[in-house]
Structures are given as C-alpha cells and as structure tokens.
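Q: Got a structure here, written out as structure tokens. Questions coming.
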Amino acid sequence: MIETIYVEEAIKNHPRTKFILKKFKKSRIILINKYGEIFNKRNQNFRIQKANPNLILAHKKNGFVLPAPDGFGIGSSKNFYFSHMYNCIYDCRYCFLQGMYSSANYVIFVNFEDFDIALKKIIENNKNSKLTFFSGYDCDSLALENVTGFAKHILSFFKTHHQIEIEFRTKSIQKEPFILMKPMNNVILAYSLIPELMANSLDNKTPSISKRIRVISELASRGWKIGLRFDPLIHGKNWKELYQELLENLYNTISLDEIHSVSFGPLRFPKRMFKDIFKLYPNEPLFTSSLSANNKIISYDVEIEEEMTSFCKDISLKYIKEDLIFKCSI
Ligand code: SF4
C-alpha cells in the first residue's frame, strides 16, 4: 500500500500520471514543484522509509540514456543504460541503491517518449557500432511493470530496431508483457541469481529463486533470450556446493538454446558507499565477513573473486560455449 503519492504539478494531467494514479485510489495525493524537494531532502532515513515508501511521479528533464560504466557489458562495443525509475520494491542487503540515495521513496518518470528520442539519437550517432542498452540500472527493470508499463512501451521501440539489443535486468517473476508477445531476438531477459540459501537471508522481499527459475524456464520455452547474471557472487560457508547446485539446476531446467549470455560479477562497493550501507546494517554478516579495502573499493580479495569466477565458469562450460560467458568488473 502506498500511503502518499507526490505528483509534480507539471505532469499532473499527463495521461501516464492518470493511468498510474488510477491504481492507487486510496493514496493521498500531494502536488509538488520538483521531485528533488522530496527525494533529495536532507536528514532522511533510508531504513525507516524503506519500511513504508511513498511514490513520486515526476518529469525527467535530462540524462535519459547514459554510457554504462567500463567493465559493464555482454559483448557489444558500446553499452548504455537508462532508468525510468529510481529505487526498488525489493530490499537486497547488498543493493548499491541504499548507499546511493538518502531516500527509499520510489520515483517514476512518466515522460517515456523522451527516452525514445534519446535512444534514437544515440543509435543514429553510433551507426557502425554494436550497441546494447540496459534498462533499470537504478531500479529493478520489471518489478513494478504492472504499475508503470515501461517495458511494454520501450519494447515497441526495440521492435523497430532489430539490430540493437536491450537487456531487462530483474529479480522479479513478472511475465507480462513478454507472455503476450512473440519473442524478439534483440531482447534479453536477464535474471540476477544467488543460491537459494543465501537469497533467503539477503534477497529480501524478492520472489524465491525457485519461483524465478520456473519463470525463466517458461519464458525460455516460449523463445525469449535469457541472460543469467551471477552478479554479485557471494562468498560464504559452503559456497562451492551452493553455487554448483544453483548452476546445475538452472542449466538442467532451462532450454540451453535460449541462453543469450551468462555473466559473473564480484561483490564490490565504493568505500564511501560501503560506509553508508554499513551504518544501516552494522551486524550484517555479509559486511563483516572476508571483505577488505583495496584502493577506493571494498571487496573480497582478488584471489577469492577469481576462485569464485573460475569455479562457476568451469561448471557453466559443461553446458554452454565459452563465448556466451562474460565477466562484469565494475
Ligand atoms: S533487485 Fe536489484 S535494485 Fe532491487 S533491491 Fe535488489 S539489488 Fe537493489
């Protein structure tokens, strides 16, 4: 239940604002000038807000599509990302958003058409490059699809740009709009996964790993391209057994022909962000375990990162070709 919805005055009559508000008939509506008045307010407590977040509907003015950080990609020469929303309905303990924003309120930008314009420009300026766009860097790309309809909107853009890839990264089991459409070869449905036992304590409020695998399998059997994202790789007691079980379960359940790519990424936090996240959960075992500081980054030791990546990669190579496997290293 969303108690309060803040709406920017400028978009109060926008059709998408009306569409979203219809879904929250009991919420209190407050008109505001700019979303930053609420979202960037000082002295907010992320944890307290996370228990009962409000919604902000806003108009995005700039920065629609941005270059992805170096080391983020699945084989294209140029990678970009965009976010129609800030923050997430899930509450993963390692989520970087909790160290990035002081507010846990959700911001949804309703001017989707401006994302299309920005995408078009980038495609025109990069005619000779292979491009991949990542949806939902600052949120989960599909978790709130039944409210926003963003994936449905942006798919119609990519339907007419077959040569350009889009990845929706998610932990949700949201099947629409994909279940109602013919699969598109340039669309990757990418699922972030950790072993079930770890997810039970770290992936709070998300669908269970077994539910996610069921949906992945269903969408793959309908012909949608699947990305498997083991990012971050989590170290801990029995990690080898747990990852082996997860990987083998996935590869034995999903149609291997539909696997677009598999990527592994280490658990890493910029030092300042880690400090903020640690303050929220000083007793969280994940943050007091084998993490240490390397330059400006908090991470596992390189030997641990490499051991985990090569262990998981070796298992994957029994099922898929090496050119489908990527290492994410931001
Ligand atoms: S699903 Fe992703 S964006 Fe959402 S809380 Fe978890 S890590 Fe953060």
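Q: With all distinct Cα pairs included, what does the Kirkwood hydrodynamic radius of region 106-148 come out to in Å, to one decimal, could you say?
A: Working: mean 1/r = 0.0817 Å⁻¹.
With all distinct Cα pairs of region 106-148 included, I get 12.2 Å.
Q: What are the ³J(HN,Hα) values, in whole Hz, obtained from phi via the Karplus relation 6.51 cos²θ - 1.76 cosθ + 1.60 with θ = phi - 60°, for each residue of region 37-49 in sequence order, with x given for Gly and Pro?
A: 4, 9, 6, 9, 3, 6, 6, 8, 10, 3, 4, 5, 5
Q: What share of Cα pairs, in percent, lie more than 17 angstrom apart in region 63-155?
A: Values: 2273 of 4278 pairs.
Counting every Cα pair in region 63-155, those more than 17 Å apart make up 53 percent.
Q: Starting from the alpha-carbon convex hull of region 201-311, give the projected area averaged over all orientations, in nm². Before the final figure, lay out the partial values.
A: Working: hull surface 31.4 nm².
Mean shadow area of the hull around the Cα atoms is 7.8 nm².
Q: Still on this model: Jot down the radius of gyration and Dmax of region 256-330, Cα atoms only, both in angstrom.
A: Answer for region 256-330, Rg first and Dmax second: 15.3, 44 Å.
Q: How do the peptides 104-111, 23-30, 2-9 rank, highest first, by the average count of neighbouring beta carbon atoms within 10 Å per residue?
A: Details: 104-111: 22.9, 23-30: 11.5, 2-9: 17.2.
So the order, starting with the most tightly packed, is 104-111, 2-9, 23-30.
Q: Send over the semi-axes of region 86-210's equivalent ellipsoid, whole angstrom and largest first, taken as the square roots of 5 times the C-alpha gyration tensor eigenvalues.
A: Numbers: eigenvalues 144, 59, 40 Å².
Computed over region 86-210, the values are 27, 17, 14 Å.
Q: Read phi for every residue in region 103-116 and hand back ³J(HN,Hα) as whole Hz from Karplus 6.51 cos²θ - 1.76 cosθ + 1.60, θ = phi - 60°, with x for Gly and Pro.
A: Values, residue by residue: 10, 9, 5, 8, 10, 10, 8, 8, 8, 4, 4, 5, 5, 4 Hz.
Q: Suppose R0 equals 22 Å. What FRET efficiency, 1/(1 + (r/R0)^6) with r the Cβ-Cβ distance, do residue 310 and residue 253 give to the nearest 0.05? Don't skip to the answer; put the middle values down first.
A: Details: r = 24 Å, r/R0 = 1.07.
Efficiency at R0 = 22 Å is approximately 0.40.
Q: Per residue of region 5-19, in order, report the coupling 6.51 cos²θ - 1.76 cosθ + 1.60 (Karplus, θ = phi - 60°) as ³J(HN,Hα) in whole Hz, putting x for Gly and Pro.
A: 10, 8, 10, 5, 3, 5, 10, 5, 9, 4, x, 6, 4, 5, 4
Q: Next question, about the same structure. Quick check: pseudo-label points 7 Å beyond the Cα along Cα→Cβ at residue 129 and residue 159, how many nm apart are they?
A: 2.8
Q: Something else: For region 184-290, what relative contact order do you get, as a whole percent, if you take Cα pairs closer than 8 Å and at least 6 residues apart? Please list the in-between numbers first.
A: Numbers: 114 pairs, mean separation 34.2, N = 107.
Answer for region 184-290 is 32 percent.
Q: Next up: Can you give me the convex hull volume of the Cα atoms of region 1-160, divided per residue and expressed in Å³? Present the calculation step by step, with values, prior to reporting the outcome.
A: Working: hull volume 20.1 nm³, N = 160.
Dividing the Cα hull volume of region 1-160 by its residue count gives 126 Å³.
Q: Still on this structure: From zero up to wherever the largest Cα-Cα distance of the chain sits, split into 10 Å bins and tell me the percent of pairs in each.
A: All Cα pairs, binned at 10 Å, distribute as 5, 25, 34, 26, 9, 1 percent.
Here, each number is a calculation from the coordinates, and none is a lab measurement. Since this is a predicted model, take the numbers as computed values, not measurements. Every residue, glycine as well, gets a Cβ built from its backbone with ideal geometry; the counts of neighbours run over all protein chains shown.
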